[in-house]
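The values are calculated or read from the model by the stated rules, or taken from the named source; none is laboratory data. Given the structure is predicted, the values throughout are model-derived calculations rather than measurements. Every residue, glycine among them, receives a Cβ derived from its backbone with ideal geometry; neighbour counts consider all protein chains shown.
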Amino acid sequence: MTVRILLADDDEIFVKQEAAFLERQGYNVKIALNPEEVKSILDNQRIDIALLDLRLINNDDPDDISGIEIAEQMRADI
């Protein structure tokens with residue numbers, strides 16, 4: 001069974017590099033660059049592990065906790 005990982009970060013270069021590394025290790029990796037993409041993937045696919053950036057919208061905004069908000073919403077939906 002292949003483990004499916006969701007890798008979410010607004011830094012596209014970082015996400016693609018990390019995804020390539022994980023895929024070479026045999027994982028099936030899905031990439032999301034914003035909260036909407038995260039929600040779409042989680043609503044439509046089975047994911048075993050989700051690695052979410054704390055700040056999915058703006059890394060420079062200390063009040064951006066969009067990654068945590070998505071994790072909390074996922075927990076509430078279970």
Hits in region 10-33 (condition: surrounded by 15 or more Cβ atoms within 10 Å (Cβ to Cβ) and at pLDDT below 95): Asp10
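Restricting to region 60-70, name every residue that is surrounded by fewer than 17 Cβ atoms within 10 Å (Cβ to Cβ) and either farther than 15 Å from Glu37 by Cβ or modelled with pLDDT under 85 (or both). Walk me through how you get there before you give the answer.
Within region 60-70, the first condition is being surrounded by fewer than 17 Cβ atoms within 10 Å (Cβ to Cβ), and the residues that meet it are 60-63, 65, 68-69.
Of everything in region 60-70, those that are surrounded by fewer than 17 Cβ atoms within 10 Å (Cβ to Cβ) and either farther than 15 Å from Glu37 by Cβ or modelled with pLDDT under 85 (or both) turn out to be Asp60, Asp61, Pro62, Asp63, Ile65, Ile68.
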Are any of the residues in region 43-59 surrounded by 17 or more Cβ atoms within 10 Å (Cβ to Cβ) and assigned to a helix (DSSP H, G or I)? no
